[in-house]
Ligand SMILES: [Zn+2]
Ligand SMILES: [Zn+2]
């Protein structure tokens with residue numbers, strides 16, 4: 001079996017060779033190679049393109065518990081100059097997915113060393129950052145044969161004390177969705193804008209209206225953030241004929257998201273009509289809300305005690321999206337936070353790096369979750 005030192009070395013190797021969402025082929029190969037050395041009972045590759053699932057234990061009459069990690073990195077140039085710095089220009093592990101992946105391998109070590117009377121599934125999913133990976137895994141026929149009794153995941157959280165467990169009943173992360181509205185008018189000579197249809201005013205009205213609808217409140221989050229806009233071309237003799245507006249929407253739950261989407265679209269439709277503009281829309285980067293099951297959260301609480309880790313309960317959900325939500329919509333489970341230290345740079349910042357101490361604490365709490373389930377069922 002591997003030592004802590006080797007697990008840290010593996011994490012650093014992943015950090016040096018980051019791959020973007022949907023392209024995690026080499027990362028998956030490294031994970032498969034490591035898992036093979038631990039002889040799982042079943043190993044499935046190419047789940048949702050690059051995902052990997054390892055199963056330890058395959059007994060029909062035992063509960064099955066899955067744990068999820070992510071394989072992808074981000075299109076961010078690393079600012080750090082330590083030895084394990086990213087070798088890939090413009091790409092780096094700035095969400096700690098290299099660490100989450102290593103935590104699952106450390107858990108595999110514990111499960112192999114101190115067997116549990118459960119079937120344990122370790123799921124390494126692709127493309128978390130763009131919200132497509134969890135759905136790709138769930139929709140893969142190779143995954144559909146499994147009906148885990150529980151599924152768990154954790155995310156490291158800079159700003160919280162190192163190794164602290166951060167938990168919440170119910171919603172943990174919001175529903176997040178991005179929309180693009182395209183306005184099609186008619187270009188004209190800049191000297192005769194009245195002969196065309198310039199979408200500039202409609203654009204201004206939509207931005208104003210979106211800000212009026214948007215709510216950044218704890219009790220009812222319905223946040224609309226303008227992220228990108230385009231109008232015409234840099235051709236100074238031409239009155240613009242096309243425009244594009246990109247927004248990201250955020251709500252605590254999926255139902256509220258539907259209502260918000262509808263409200264914004266209705267407003268945009270009315271404005272487009274008023275200005276005689278043709279409207280088309282597109283949605284992308286959809287994250288479903290994470291809904292933690294109460295009994296799964298109770299297991300995490302119990303496990304944190306046995307792992308000797310401090311725990312804090314969050315009053316409100318996190319505001320970022322996490323595509324693990326797709327799993328909690330279909331399966332019983334929960335996601336929780338693991339403090340990465342008060343002085344750790346924030347997620348997605350160019351100087352962030354995963355703290356290696358979390359490999360032990362993260363795999364310990366996962367292992368204690370298994371113990372707690374075993375105690376309950378045996
Ligand atoms: Zn991220
Ligand atoms: Zn992440």
For the range 16-38, does any single residue satisfy the condition of being under 20 Å from residue 152 (Cβ atoms) and in a strand (DSSP E or B)?
no
Under 7 Å between Cβ atoms, which residue pairs at least 6 apart in sequence (or on different chains) link something in the range 205-229 that is closer than 20 Å to residue 272 by Cα with a partner that is part of a loop (DSSP other than H, G, I, E, B)?
224/214
Would you call residue 171 touching a residue at least 60 places away in the same chain (Cβ under 8 Å) and either in a strand (DSSP E or B) or away from ligand 1 (no atom under 16 Å from the Cβ) (or both)?
yes
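Yes/no per residue for (1) assigned to a loop (DSSP other than H, G, I, E, B); (2) touching a helix residue (DSSP H, G or I) at 6+ places or on another chain (Cβ under 7 Å); (3) away from ligand 2 (no atom under 16 Å from the Cβ); (4) over 19 Å from residue 328 (Cα atoms):
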residue	(1), (2), (3), (4)
121	no, no, yes, no
124	no, yes, no, no
134	no, yes, no, no
151	no, yes, yes, no
Among the residues of the range 93-110, is there at least one that is more than 16 Å from ligand 2 (Cβ to nearest atom), touching a residue at least 40 places away in the same chain (Cβ under 8 Å), in contact with a strand residue (DSSP E or B) (Cβ under 9 Å, 6 or more places away or on another chain) and not in a helix (DSSP H, G or I)?
no
Out of 270, 276, I need the residue that is assigned to a helix (DSSP H, G or I) and either in contact with a helix residue (DSSP H, G or I) (Cβ under 6 Å, 6 or more places away or on another chain) or surrounded by fewer than 22 Cβ atoms within 10 Å (Cβ to Cβ) (or both). Which one?
270
Within the range 290-329, the count of residues that are surrounded by 15 or more Cβ atoms within 10 Å (Cβ to Cβ) and within 16 Å of ligand 2 (Cβ to nearest atom) comes to 11
I'd like the residue in the range 284-311 that is in a strand (DSSP E or B) and touching a helix residue (DSSP H, G or I) at 6+ places or on another chain (Cβ under 8 Å) and, out of all such residues, is farthest from residue 165 (Cα to Cα).
287
Quick one: would you say residue 88 is away from ligand 1 (no atom under 15 Å from the Cβ) and assigned to a loop (DSSP other than H, G, I, E, B)?
yes
Go over the candidates 91, 112, 116, 65 one by one and state the one that is out of contact with any helix residue (DSSP H, G or I) (no Cβ under 9 Å at 6 or more places or on another chain) and closer than 26 Å to residue 375 by Cβ.
112
Evaluation of residue 244 against (1) over 17 Å from the mean Cα position of the chain (by Cα); (2) within 16 Å of ligand 1 (Cβ to nearest atom); (3) not in a loop (DSSP other than H, G, I, E, B) (one fails), failing number:
(2)
Just need a number here: residues in the range 128-152 that are out of contact with any strand residue (DSSP E or B) (no Cβ under 8 Å at 6 or more places or on another chain), at pLDDT 95 or above and closer than 21 Å to residue 32 by Cα.
2
Which condition from (1) touching a strand residue (DSSP E or B) at 6+ places or on another chain (Cβ under 7 Å); (2) in a loop (DSSP other than H, G, I, E, B) is the one that residue 336 breaks?
(2)
Please state which one of 93, 155, 97 is within 13 Å of ligand 1 (Cβ to nearest atom), over 17 Å from residue 366 (Cα atoms) and buried (at least 22 other Cβ atoms within 10 Å of the Cβ).
93
Restricting the search to the range 247-258, which residues are touching a helix residue (DSSP H, G or I) at 6+ places or on another chain (Cβ under 9 Å) and assigned to a strand (DSSP E or B)?
247, 249, 250, 251
Look at the range 176-194 and say how many of its residues are touching a residue at least 24 places away in the same chain (Cβ under 8 Å), outside any strand (DSSP E or B) and over 28 Å from residue 285 (Cα atoms).
5
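The values are calculated or read from the model by the stated rules, or taken from the named source; none is laboratory data. As the structure is a prediction and not an experimental result, all values here were calculated from the model. Cβ coordinates were reconstructed from backbone atoms using ideal geometry, including for glycine residues, and neighbour counts include every protein chain displayed.
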